[in-house]
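Read through the structure below, which is laid out as structure tokens, and then see the notes.
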Amino acid sequence: MRTFNLKIFFLLFCLTLVVNVFSQSTIQLKFSPIGIHPFNETNKHLFDNKIDENAIFVTEPLFLLCYESYLREDSFAFRGMFGFLNDAAAKPAITLHLGLKQRLVQIWRNSFSVGAGFNLYGRGLWSTIPGYIQEKHWGANGTWEYKLGFMGELEYALFLNDKNDLTLSLLYGHQQNTFTVTIGYKYWISSIIKHPKKCGNCPFQKASKHWTP
């Protein structure tokens, strides 16, 4: 069953990249140097690159590639993310995400959005580390293990021009029980809007000039 769920998740992720290719879409690269672990975790004693004594802040370099396809105007999107990192136990790890994103508010050049969805965690086997305590719901696959979870995000975006934004995000769930803060660059691939709302004066809306009401 776990293998079947994994295959379905990968299939849905691939479909995300081809759905609505010609609608308004973005690609974004996010980076974070630190993972934040505020909860009591079973294997916190294994956190190899901890910054503080309680292992709340841990050096976990993360690179996250994000694709968004907008379903309604430039405010509601279907998205997929793929990331890789050096995790809290200094093991290679990946994250794979499918979800939705909604812009909450836009003020002049500034906007805030919230996103959420399902996540697949992957990491090098922790069971090879001396002192490891078995955790539930992880499935092994060779020298890797994986687990399904949830990821949520609060994102601030600064409009630069029609094609470029800078972003700052608070992210939860790129790995289990982990927060992080990312800085990113977003590139708008297409300006063709699906189901646009006519606007008389929207200087910072990512709107095509070619749509008709």
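The values are calculated or read from the model by the stated rules, or taken from the named source; none is laboratory data. Owing to the predicted nature of the structure, the values given are computational and were not obtained by experimental measurement. Cβ sites come from the backbone with ideal geometry, for glycine too, and all protein chains shown count toward neighbours.
Below are the figures for this structure:
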item: Residue in the stretch 42-92 that is farthest from the chain's Cα centre (by Cα), counting only those that are of a type in the set (F, W, Y) and in a strand (DSSP E or B); result: F57
item: Verdict on L168 being in a strand (DSSP E or B), free of Cβ contacts under 8 Å to residues at least 24 places away in the same chain and surrounded by 14 or more Cβ atoms within 10 Å (Cβ to Cβ); result: yes
item: Per-region count, the stretch 94-144, residues outside any strand (DSSP E or B) and polar (S, T, N, Q); result: 4
item: Residue that is surrounded by the most Cβ atoms within 10 Å (Cβ to Cβ), among those in the stretch 117-129 that are free of Cβ contacts under 8 Å to residues at least 60 places away in the same chain and within 23 Å of the chain's Cα centre (by Cα); result: N119
item: Counted residues, the stretch 34-61 - those being aromatic (F, W, Y) and either within 17 Å of R123 (Cβ to Cβ) or without any contact (Cβ under 8 Å) to a residue 24 or more places away in the chain (or both); result: 2
item: Qualifying position, being surrounded by 15 or more Cβ atoms within 10 Å (Cβ to Cβ) and of a type in the set (F, W, Y), among Y132, Y156; result: Y132
item: Residue match in the stretch 84-92 (condition: out of contact with any helix residue (DSSP H, G or I) (no Cβ under 9 Å at 6 or more places or on another chain), over 30 Å from N54 (Cα atoms) and of a type outside the set (F, W, Y)); result: no
item: Residues located in the stretch 59-87, provided they are aliphatic (A, V, I, L, M), modelled with pLDDT of 95 or more and surrounded by 19 or more Cβ atoms within 10 Å (Cβ to Cβ); result: L62, L64, M81, L85
item: Positions within the stretch 107-116 being over 12 Å from E155 (Cβ atoms) and surrounded by 12 or more Cβ atoms within 10 Å (Cβ to Cβ), in sequence order; result: R109
item: Residue match in the stretch 177-192 (condition: of a type in the set (F, W, Y), surrounded by 12 or more Cβ atoms within 10 Å (Cβ to Cβ) and modelled with pLDDT under 95); result: yes
